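The values are calculated or read from the model by the stated rules, or taken from the named source; none is laboratory data. Keep in mind that what you see is a predicted model, and the values were worked out from it rather than measured. For neighbour counting, all protein chains shown are included, and Cβ atoms are generated from backbone atoms with ideal geometry for every residue, glycine included.
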Amino acid sequence: MPKMFVEVLLDQNLARPLDYEVPANMRIEVGMRVEVPLKSTLKKGTVSKIKDSSQWETVKPVARVISENGELSDAQWKLARWMAQYYSAPLQRVLKCFIPVNVRKEVKEKTQIFLKVAKTHDQCIKAIELFRLKAPAKAHALEEILNAPKGAYLADLQVSKSAVTSLIKDQWISAQSVKLSSELLLEEEFFPTAPKKLNAEQQSCLNAIQNSLEKGGFSAHLIYGVTGSGKTEVYMQAIAAALAQNKSAIMLVPEISLTSQTIERFKARFSERIAILHHRRSLGERTTAWEDLKKGQAKLVIGARSALFCPAQNLGLIIVDEEHDSSYKQSDEIPCYHGRDTAVMRAHIESCTILLASATPSVESRYNASVGKYQLHQLLSRATAASMPKVKIIDMSGVFERNQGFTHFSEELLDGIKKRLGKGEQILLFLNKRGYHRMQVCSSCRHVIKCPHCDLALTFHKSGGFLQCHLCDYRQQLVRGCPNCQSTETLSFRGFGTEHVERSLHAIFPEVRTLRMDRDTTAKKNSHEEMFKQFRAHKADVLIGTQMIAKGFHFPSVTLVGVLNTDATLNIPDFRSPEQVFQLITQVAGRAGRAELNGEVIIQSFLPDHPTLKLAASQDYSAFYDAEIEERKRFGYPPFCHLVKLLFTDPDEKTAQTNAESAYQRLKNTLPKPFEILPVMPAGHAKVKDLYRFQFVIKVMKIGAISSHLAEIQGAKIDVDPISVYF
């Protein structure tokens, strides 16, 4: 028999695949997970190629096949290889997106014991009365199960397991090991909703999407719809059309905090099983969802960025909600892919329809629509009788003068809060800084207490009584004496976050009920869902939060939105800063007045005449886009070129800089023209986790023209189409 060999991409960070021989009795195919020897241990990996020879004389055999079939479809392999080339990332690193940790760790599908009564109701009542005398634990267990007409999971019952075992043995109850559904909110009851009647703008948009689904093939649509214009209803009716054709649909949302609201609305509309995918789900839950999709048992997927890579069968529709959002960009690790752009490529490879939507489309997407790459649909009026909120900018310089010092709240905002509290309406307060104080400073020598591992001031968190770094999560106790001048009298605090805002609000309105939504309060699993339910149920009057409250939430009782400060973002030396501020303000403003009640938005700023703030206040996206696209064209920024950022890190500052300078000179001398390469500079955060950071940026017309040159650069984190050229 002729020998057969395979190339295996190991889960370890090796730059290239390794060759292994396939034993004669082993069935193997591309994409299978295998275990192979490496030195003295066995390692897991993925088969990337099958061949009949190897260049190496001695080749070890594959030890074990883990999966029965290949983990990736042909289309997924094409997408993975495209990502590796476009984003200049090793294929092995890209495969971690497609073969998630639950699969790599061989996590089994999650199951639980499901119990139901096996006798009539009257028989059980009589048995409970008898058990109470001699076996009270059995009586309690049987009564608990009897009180759950549809049955109950053993793990949800506060009963003796031995009593349950006895009841099963005596056939009072039946037990079944069942797969835990991949669906959040499984046991909750939902009132079914029917499709809503669409207005003319919505119907025109839906007609075009349905036409694309019926024709088949690749088609890209961009919905520019003002906040509250009914984009979600268009999504649901488009998904219904895809499901009616027995096609799968992937619905991407930018934040985990949005999945609860989205799932509730979709569960009320669709009877089909919904697979939920995001990193806050347990490995077992993710495994179950993954298997449901591979088997075709689930055809609707809702999730954050990583859900894009799921094994949906017969894919017909991809929806990227809030397509402008920076959460779709993976910047922390390789591959530095953009979920929106990768979703467009998946739709192209799988010949399906993709829908991008936002009240503030990214400049790149809007430009693609203007040149005919995407079909543009505009929803310029709110879907209900609700009108757009009134927006007012407050100059905080005058407020500080009148108050003779710092205050979070202008008179106008305080009056607005008081008015809404009196009417029983709800309020959102937005500040994109968490914690209590932003930094601890010595007023004598101006020394700032910084993280010992990062170039960042430590933030004071009053609830925990500690200083914390928001880059590496380092924590320490408050500093009592200045480490620079040893003064014990001059340490003070500067800057404020959401925690301070909440406490200040309670000082002014002692009876106010507040919820705070930021990374500190949403660390636990399902915390987003719980806060969403509480606020929607009107168990709080004011929701205070960072950018996670600015996106997609629908709270009919919210009539006032206060934007406390966004000036810091406007001052960041990055070409995207105006776009990000405009999007953030427009999005958070859109949370107000989404039902019958009129909405009001108050923006507080020390830059009240800034053009971006004025355009955001007028909610004039078209004027903002026109001005911004001209600015990008004038200075040669995307979408008129591509950017590539190369970041070099090292524990030694000089080494990091030298490595960056060396790569800079090499690329400057070898890259094919035309290109522009900007000088080496310290990154916006010059030190993170004990690593010094230097970077430079390349402007180029086509990424493919320089991909081979980028592949030759060692030791750099390469970020193609970076979301920021500063940080």
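Summary table below
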{"read-out": "Residue match in segment 394-403 (condition: part of a strand (DSSP E or B) and outside the structural domain of residue 218 (by TED's automatic domain parsing))", "value": "yes"}
{"read-out": "Hits in segment 576-611 (condition: closer than 16 Å to residue 420 by Cα and of a type in the set (Val, Ile, Thr))", "value": "601, 602"}
{"read-out": "Residue satisfying condition, being touching a Leu at 6+ places or on another chain (Cβ under 6 Å), part of a helix (DSSP H, G or I) and at pLDDT 90 or above, within set 347, 369", "value": "369"}
{"read-out": "Which listed residue is of a type in the set (Asp, Glu) and modelled with pLDDT of 90 or more, from 285, 291, 233", "value": "233"}
{"read-out": "Criterion (in a strand (DSSP E or B) and surrounded by 24 or more Cβ atoms within 10 Å (Cβ to Cβ)) met by exactly one of 249, 289", "value": "249"}
{"read-out": "Residue match in segment 666-689 (condition: free of Cβ contacts under 8 Å to residues at least 60 places away in the same chain, of a type in the set (Lys, Arg) and surrounded by 19 or more Cβ atoms within 10 Å (Cβ to Cβ))", "value": "no"}
{"read-out": "Condition met for residue 209 (surrounded by fewer than 23 Cβ atoms within 10 Å (Cβ to Cβ), touching a residue at least 12 places away in the same chain (Cβ under 8 Å), in a helix (DSSP H, G or I) and β-branched (Val, Ile, Thr))", "value": "no"}
{"read-out": "Single unsatisfied condition, residue 430 versus (1) part of a loop (DSSP other than H, G, I, E, B); (2) among the aromatic types (Phe, Trp, Tyr); (3) surrounded by 17 or more Cβ atoms within 10 Å (Cβ to Cβ)", "value": "(1)"}
{"read-out": "Number of the condition not met by residue 306 [criteria: (1) hydroxyl-bearing (Ser, Thr, Tyr); (2) in contact with a Leu (Cβ under 7 Å, 6 or more places away or on another chain); (3) over 30 Å from residue 648 (Cβ atoms)]", "value": "(3)"}
{"read-out": "Qualifying residue in segment 48-58 (condition: loosely packed, with under 14 Cβ neighbours inside 10 Å, under 28 Å from residue 286 (Cβ atoms) and without any contact (Cβ under 8 Å) to a residue 40 or more places away in the chain)", "value": "no"}
{"read-out": "Residue within segment 185-199 that is modelled with pLDDT under 85, under 24 Å from the mean Cα position of the chain (by Cα) and surrounded by 15 or more Cβ atoms within 10 Å (Cβ to Cβ) present", "value": "yes"}
{"read-out": "Residue list for segment 516-571, filter: at positive phi and either in the same structural domain as residue 256 (by TED's automatic domain parsing) or modelled with pLDDT under 85 (or both)", "value": "526, 552"}
{"read-out": "Tabulated pairs, segment 10-25, first assigned by TED's automatic domain parsing to the domain that holds residue 59, second loosely packed, with under 13 Cβ neighbours inside 10 Å and hydrophobic (A, V, I, L, M, F, W, C), C-beta under 7 angstrom, 6+ apart or interchain", "value": "19/56; 24/1"}
